[in-house]
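One structure is given here, and the rest of the page talks about it.
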Amino acid sequence: MKKGTVTFCGAGPGAPDLLTLRAHRAIAEADVIVYAGSLVSPEVIAHHKPECQLHDSAGLNLDEFVQIMIDAARAQQTVLRLHTGDPSIYGATKEQMRLLDAADISYQSIPGITAAFAAAATLNAELTQPGLSQSVIISRRAGRTPVPEREALPHIGAIGATLTLYLSIGDIEGLVEELLASGGYTEQTPAAVVYRASWPDEKSVRGTLSTIAARVREAGITRQAIIMVGDVLSGEGEASLLYDRGFSHGYRKANGPQKTESLPVAETECAPFLRFGGRIAVYGLTQAGSQQALQLASLLDGTAYVSETQIETCQANGDTVQTFASDAFEVCLQNTWAHYDAHVFIMASGIVVRKVAQLLESKEVDPATLVMDEKANFVQSLTGGHLGGGNRLAQDIQKLCGAQAVISTASDTQGMLAFDEFAATRGLRIENRDSIVLLNKALLEQQRIALIGFTADEAAAFADLPHVRTCAVTDALDDFDAIVSLDTELEINERPRLALTRLRLVLGIGCKRGTPATQIDAAIERTCLRYGIDRSRIDHLVSAEIKHDEAGILELAARNHWQCHFLSAESLNQQAVTNPSEFVASQVGTPSVAEAGARVFGQGRLLAPKQKDDGVTVAVATMGSIVQSIAEPEAKEAVIYAIGIGPGTQASLTNEAETAIRQADWVVGYTSYCKQLEWLTHGNRVYSTGMRSEIERCDEAVRLAAEGNKVALVCSGDAGIYGMSGLIFERVAALGQKNVTVKVIAGVTSSSSAAAAIGAPLMNDFATISLSDLLTPREWIKKRIQAVAEAGLVCCLYNPRSRKRKALLDWVLETFVEHRGDTVPVALVRDAGRPKEWKWVGALKDIPIEEIGMTTMLIIGNESTITLDGYMVTKRGYEKKPSYAVAE
């Protein structure tokens with residue numbers, strides 16, 4: 001800065017840390033600063049010297065604020081004219097310079113980062129991509145300042161280059177019409193709008209020319225926005241020759257094929273760069289919340305759950321969505337909680353806090369929980385910020401839809417990398433989880449912390465913290481207050497210590513048939529570089545069984561000494577993923593190979609979600625969990641719960657049964673019974689079969705349990721009364737699975753439900769007999785009926801009559817008439833305990849026989865059974881007590 005000279009300076013897009021060093025120094029040295037207060041953040045000039053004179057040009061005309069600069073320069077002061085962005089782009093600087101020239105005042109310029117480039121950074125967009133566009137046009141739509149006719153949008157739009165528009169958001173609909181009229185773009189051309197790029201309230205929306213106007217209006221963006229249009233926003237361009245192995249230049253010789261025109265073109269999908277790779281559920285309650293949930297789930301490759309009252313709106317928009325009953329949101333959340341790595345709620349924070357409170361266990365195991373408002377203005381990370389990845393997901397959502405990420409964890413607000421966040425993103429196991437709080441506290445309090453066993457790359461994450469230093473094991477630790485050790489055994493030390501271990505890694509790979517090893521290797525290398533993964537820690541390579549003879553995979557694994565594992569489609573199908581592919585499913589039999597394989601085999605943390613790179617899919621996960629339990633985890637229990645679900649309604653299911661079904665890895669049962677439980681299972685991980693497939697059903701349950709799964713074998717009524725519990729014990733023994741345990745959970749059987757519906761007919765001894773002769777010989781059934789009729793027991797008849805089996809019931813009724821007469825009370829209850837329940841009580845001689853079917857319970861009374869006001873009651877014997885009589 002020279003005294004007597006005016007310096008035109010770019011203040012950058014808005015964020016103080018995007019000032020250039022030269023601009024920062026100029027602000028600190030200036031005697032007079034003239035700036036536009038409506039565009040330049042106060043934080044940008046907060047470091048000016050106390051005696052500096054500040055003039056806001058927003059309320060002044062050109063002559064007024066230029067005269068201020070002239071007077072200050074003539075007084076031999078250092079004068080700074082501060083413009084937003086870069087002064088050379090829409091800064092109106094030349095007209096100021098002409099007036100300075102007339103006054104014989106010298107001037108100079110300092111460049112700044114213009115808003116267009118800040119917006120591109122927000123979108124993670126490369127504005128010049130081979131095969132798509134090698135030109136960037138910076139322009140604006142005509143407004144109060146006219147645009148030369150040759151530069152009108154219909155003319156420049158015809159080129160089809162990457163287009164960056166300033167000062168044009170006011171009439172977004174008209175702008176879109178002009179661009180489409182140019183012929184250079186179509187309705188499917190990608191478009192994006194970034195509001196106040198790099199400011200704290202930055203917001204961005206993406207879409208195409210057919211959708212961007214509506215999304216801008218929905219986001220409430222009306223000013224201070226950059227509009228970007230062009231195919232480069234898809235991120236699907238060709239690879240350049242700059243880093244091609246077959247391309248030589250002054251600093252590198254080619255080491256690949258010499259005919260570069262025959263080189264394969266990489267088709268890499270890697271923008272925007274998202275850091276959260278888990279399974280995500282998004283919930284909405286209201287119409288606006290449900291629509292936002294659908295949009296966000298689509299952006300995140302997640303699953304949307306909305307109230308069934310909003311289903312018509314959702315279907316009208318062509319979306320598919322999971323629904324829950326309007327009064328069953330809590331039940332839905334209980335069922336989905338353990339099946340997703342993150343839960344995002346488009347609703348009030350208070351609702352979320354109350355609903356998730358009962359589900360939270362500890363910060364080490366809880367999934368990420370986030371809340372976003374219906375207008376996508378803010379997204380807040382509530383729980384699981386570090387180990388659960390909630391903070392990273394909030395930042396991903398900010399990139400995708402512009403909602404401002406609200407992160408309140410102390411380390412993040414102080415700009416520090418917490419040690420549990422470091423472990424989560426690097427794939428390091430925390431051996432003593434109780435020390436996380438102690439070490440993070442030491443970090444925040446700027447206590448002296450020693451890093452032992454860290455590589456230079458790992459230690460670089462803390463390089464800007466002077467109180468955190470690397471040390472050797474042999475160094476004296478007296479000068480430190482706390483220790484973080486990585487793969488290092490230390491002698492007992494009184495100082496707080498966090499022990500970390502580098503987990504070995506598993507690589508999931510999918511590729512086209514015949515893909516060479518070099519191409520697969522390049523995709524792996526790019527993925528590791530992108531996610532900061534130490535490739536030397538990879539021990540295992542996993543792919544689909546169909547790839548067991550893939551030459552490129554086998555060659556690459558042998559070269560790197562990786563163990564190869566090829567998993568069946570059935571095994572891969574058991575793993576829910578965020579990026580399923582219908583095409584892969586049609587070819588391989590499973591919608592995911594790389595990501596599902598890494599998750600299934602590693603049973604740990606996904607460090608790199610599926611990357612599609614030049615015909616190769618890559619995913620990387622840890623071998624085992626990053627959080628070590630206080631005690632080593634026991635082997636997974638192989639258990640089958642034989643569960644009676646009663647009549648099949650939500651109200652009739654016992655708490656024990658509901659809990660077992662919710663915690664089960666698989667639910668197995670008759671198709672009809674499984675459908676009755678969809679409110680609880682949502683159809684996930686369910687194996688169902690039709691009638692007369694009981695043995696196959698039980699054998700599948702045994703197989704699944706033997707693999708270490710908790711299996712819920714569901715039966716109508718009670719599993720031990722004409723259900724599957726007996727057969728499952730038999731099949732476990734027959735199949736020799738001694739490690740599989742069977743536990744029976746009681747349910748409400750049909751005779752109990754029916755009895756409750758018609759009064760109290762089972763107050764004394766009674767018998768239950770099934771008239772189904774599919775498994776029990778008819779002769780045995782008749783013998784038992786004869787014995788019960790003679791013994792005078794109240795009798796409950798299951799499966800009394802079918803379309804083909806009618807004569808047996810006729811004989812049964814005749815037998816009871818013979819022993820009890822035709823006036824004995826009887827009752828019929830069809831679909832007992834279900835919404836369409838039907839019942840009848842009367843004398844045996846009046847029984848409506850045609851109303852009886854397989855779902856009807858027939859109860860036949862005895863000499864102690866009476867009818868009272870339409871109810872059926874069997875006396876227990878209390879009438880013999882003196883106190884029974886009622887005084888007249």
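The values are calculated or read from the model by the stated rules, or taken from the named source; none is laboratory data. Nothing here was measured: the structure is a model prediction, and the numbers come from that model. Note that each Cβ is placed from the backbone with ideal geometry, even for glycine, and that neighbours are counted across all protein chains shown.
When the criteria are applied in full, R876 meets the requirement of being touching a residue at least 40 places away in the same chain (Cβ under 8 Å), over 53 Å from the mean Cα position of the chain (by Cα), within 30 Å of L653 (Cα to Cα) and part of a loop (DSSP other than H, G, I, E, B). The residue that is modelled with the lowest pLDDT, among those in the stretch 336-366 that are closer than 23 Å to D420 by Cβ and hydroxyl-bearing (S, T, Y), is S362.
Please pick out the residue among K743, K738 that is within 29 Å of Y673 (Cα to Cα), basic (K, R) and touching a strand residue (DSSP E or B) at 6+ places or on another chain (Cβ under 7 Å).
K743
When E489, E421, E431 are screened for being buried (at least 18 other Cβ atoms within 10 Å of the Cβ) and under 26 Å from S625 (Cβ atoms), only E421 passes.
When the stretch 118-140 is filtered for residues that are free of Cβ contacts under 8 Å to residues at least 60 places away in the same chain and either part of a helix (DSSP H, G or I) or of a type in the set (V, I, T) (or both), the ones remaining, listed by number, are V136, I137, I138.
Of all residues in the stretch 173-194, those that are closer than 23 Å to A376 by Cβ, part of a helix (DSSP H, G or I) and free of Cβ contacts under 8 Å to residues at least 40 places away in the same chain total 1. Taking the criterion of being surrounded by fewer than 20 Cβ atoms within 10 Å (Cβ to Cβ) and under 15 Å from G230 (Cα atoms), the residues of the stretch 182-204 that qualify are S182, G183, T186, E187, Q188. Filtered by the rule that a residue be out of contact with any strand residue (DSSP E or B) (no Cβ under 7 Å at 6 or more places or on another chain) and assigned to a strand (DSSP E or B), the stretch 843-873 gives a lone residue, L868.
If you go through the stretch 194-206 and pick out every residue that is modelled with pLDDT of 90 or more and of a type in the set (G, A, S), you end up with 2.
The lone criterion from (1) at pLDDT 95 or above; (2) in a loop (DSSP other than H, G, I, E, B) left unmet by L828 is number (2).
Residues that are outside the structural domain of T865 (by TED's automatic domain parsing) and without any contact (Cβ under 8 Å) to a residue 40 or more places away in the chain, at least 3 per element: which helices (runs of 4 or more DSSP H) completely within the stretch 662-765 meet that? Explain how you work it out, then say what you get.
Details: elements: 671-676, 678-681, 694-706, 725-734, 750-758.
Fully inside the stretch 662-765 and qualifying: 671-676, 694-706, 725-734.
Considering S883, S864, the condition of being touching a residue at least 40 places away in the same chain (Cβ under 8 Å) and either out of contact with any Ser or Thr (no Cβ under 6 Å at 6 or more places or on another chain) or at negative phi (or both) is satisfied by S864 alone. Taken together, A608, A594, A557 contain a single residue that is under 30 Å from E700 (Cα atoms), modelled with pLDDT of 85 or more, crowded, with 20+ Cβ neighbours inside 10 Å and not assigned by TED's automatic domain parsing to the domain that holds V365, which is A594. Q322 meets the conditions (1) in contact (Cβ under 8 Å) with a residue 40 or more places away in the chain; (2) within 29 Å of A121 (Cβ to Cβ); (3) in contact with a Cys (Cβ under 9 Å, 6 or more places away or on another chain) in every case but one. The failed one is (2). Taking the stretch 397-470 as the region of interest, the helices (runs of 4 or more DSSP H) fully inside it that hold 2 or more residues being within 27 Å of L507 (Cα to Cα) and not aromatic (F, W, Y) are 419-426, 456-459. When you check D366 against the structure, is it crowded, with 16+ Cβ neighbours inside 10 Å, free of Cβ contacts under 8 Å to residues at least 40 places away in the same chain, under 25 Å from R497 (Cα atoms) and under 18 Å from the mean Cα position of the chain (by Cα), yes or no? Yes, satisfied. Tell me yes or no: at least one residue of the stretch 222-230 is at pLDDT 85 or above and in a helix (DSSP H, G or I). No: zero hits.
Residues that are surrounded by fewer than 20 Cβ atoms within 10 Å (Cβ to Cβ), in contact (Cβ under 8 Å) with a residue 40 or more places away in the chain and of a type in the set (D, E): does the stretch 395-417 have at least one? Looking for residues that are surrounded by fewer than 20 Cβ atoms within 10 Å (Cβ to Cβ), in contact (Cβ under 8 Å) with a residue 40 or more places away in the chain and of a type in the set (D, E), one finds none in the stretch 395-417, hence no.
May I ask you to list the residues in the stretch 170-196 that are among the aliphatic types (A, V, I, L, M), out of contact with any strand residue (DSSP E or B) (no Cβ under 6 Å at 6 or more places or on another chain) and closer than 18 Å to L127 by Cβ?
Listed by number, the list holds a single entry, L179.
Whenever a residue of the stretch 449-465 is closer than 12 Å to G532 by Cβ, it has no partner that is part of a strand (DSSP E or B) and of a type in the set (F, W, Y) lying with C-beta atoms less than 8 angstrom away and at least six residues away or across chains.
Those strands (runs of 3 or more DSSP E) of the stretch 475-564 in which 2 or more residues are in contact with a Lys or Arg (Cβ under 7 Å, 6 or more places away or on another chain) occupy 482-486, 497-502. In the stretch 153-172, the qualifying residues are those that are outside any helix (DSSP H, G or I) and of a type in the set (V, I, T), and the one that is farthest from T84 (Cα to Cα) is T162.
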